[in-house]
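Working notes, structure below.
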Amino acid sequence: MEYREFLENVRKEVESRYDSNVSVTLNHVMKNNGTELDGITIMEKDKNIAPTIYINSFYDRYREGVSLKAVVSEIIRIYNQNKNSININADYFENYENVRKTIVYKLVNYQKNKKLLEDVPYKRVLDLAVVFYCLIEQRKGVSATALIHNEHLRIWNVTEDEIYNDALKNTPVLLAGSIVPMSKILSEIAGTAPADNDEKVCEYTGEDILYVLTNSSRVNGAACILYDNLLKKFANDVHSDLYILPSSVHEVIIVPKKNAFDKSELADMVREVNEQGVSQDEILSDNVYEYNRKNGLITM
């Protein structure tokens, strides 16, 4: 069957597994960089929030021979596994005073998100845009966020500048940033890194060439380039201006300029990684930025 027919049949089949106390709806969701996904939401009558399960990839599995009933069973399994992980009173979001301390920001590509930016408050920075979201819950294995739309500003009766100023204060506190050697990250991935409880904000070894800047959750960590004094402290420690390579929305790579890399070669490397090693919805930019430690400015 065709994709749209598949979506509707999945919805009907899921709905048939429940009684009238459960509603099943399809949602079309705009994600980062113009990526659009279709999701299914199973909402029980006594719940005020439910996970959205994206089902685009299930269509590929269906075309490969997986039965519709098997697809539906997997969707229901995912739902049952996650339905009780977070429970939030929807009325909580109607009052700005309730949410203002949870508002944080992230960076997205300006050109790739023009359609999304028509509907959300944002600030333009270089070829990027700062957008805002509520960090509802952040713990191991669970992350709940809600992107802030223009409609929220109208409901809360607040301005874009108010949102921006609150996010400037909250983000470095709720999502602390750090700069660590690339070698340490690779050791952690390989499981060979020694235990280290020393939470250094900037860790300069004097031996490494590449460093990774991200936040404590390692989600949307590229926004750390805007944190006050984080790049400044590191640049002063290494006695060098910096190149900033946007490896994804989740982190950037910091290269001290004194290591004598050619900027055009670094830009070629970023473009190649974006084309081959980063999913479409996680690309930040193809451009390499420069940080000047004397004036504290980031430029392209």
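Here is how the numbers come out for the structure above:
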read-out	value
All positions within segment 216-244 that are assigned to a helix (DSSP H, G or I) and within 21 Å of Thr171 (Cβ to Cβ)	Gly221, Ala222, Ala223, Cys224, Ile225, Leu226, Leu230, Leu231, Lys232, Lys233, Phe234, Ala235
Where Val270 falls short, out of the listed (1) more than 30 Å from Leu37 (Cα to Cα); (2) modelled with pLDDT under 95; (3) surrounded by 20 or more Cβ atoms within 10 Å (Cβ to Cβ)	(1)
Spans of strands (runs of 3 or more DSSP E) in segment 245-300 with at least 3 residues of a type in the set (Val, Ile, Thr) and within 22 Å of Tyr227 (Cβ to Cβ)	252-256
Unmet criterion (only one of (1) at pLDDT below 90; (2) outside any helix (DSSP H, G or I)) for Leu213	(1)
Boolean, Ala190 is modelled with pLDDT of 90 or more, more than 17 Å from Val108 (Cα to Cα) and not assigned by TED's automatic domain parsing to the domain that holds Ile136	no
Sole residue being surrounded by 12 or more Cβ atoms within 10 Å (Cβ to Cβ) and under 20 Å from His250 (Cα atoms), chosen from Gln280, Gln276	Gln280
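Conditions tested, residue by residue: (1) more than 19 Å from Leu284 (Cβ to Cβ); (2) β-branched (Val, Ile, Thr); (3) exposed (fewer than 15 other Cβ atoms within 10 Å of the Cβ).
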{"site": "Arg100", "(1), (2), (3)": "yes, no, no"}
{"site": "Tyr133", "(1), (2), (3)": "no, no, no"}
{"site": "Thr145", "(1), (2), (3)": "no, yes, no"}
{"site": "Glu151", "(1), (2), (3)": "yes, no, yes"}
{"site": "Asn170", "(1), (2), (3)": "yes, no, no"}
{"site": "Gly177", "(1), (2), (3)": "no, no, no"}
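The values are calculated or read from the model by the stated rules, or taken from the named source; none is laboratory data. Being a predicted model, the structure only gives us computed values, none of them experimental. Reconstructed Cβ throughout: ideal geometry from the backbone, glycine too, with neighbour counts over all protein chains shown.
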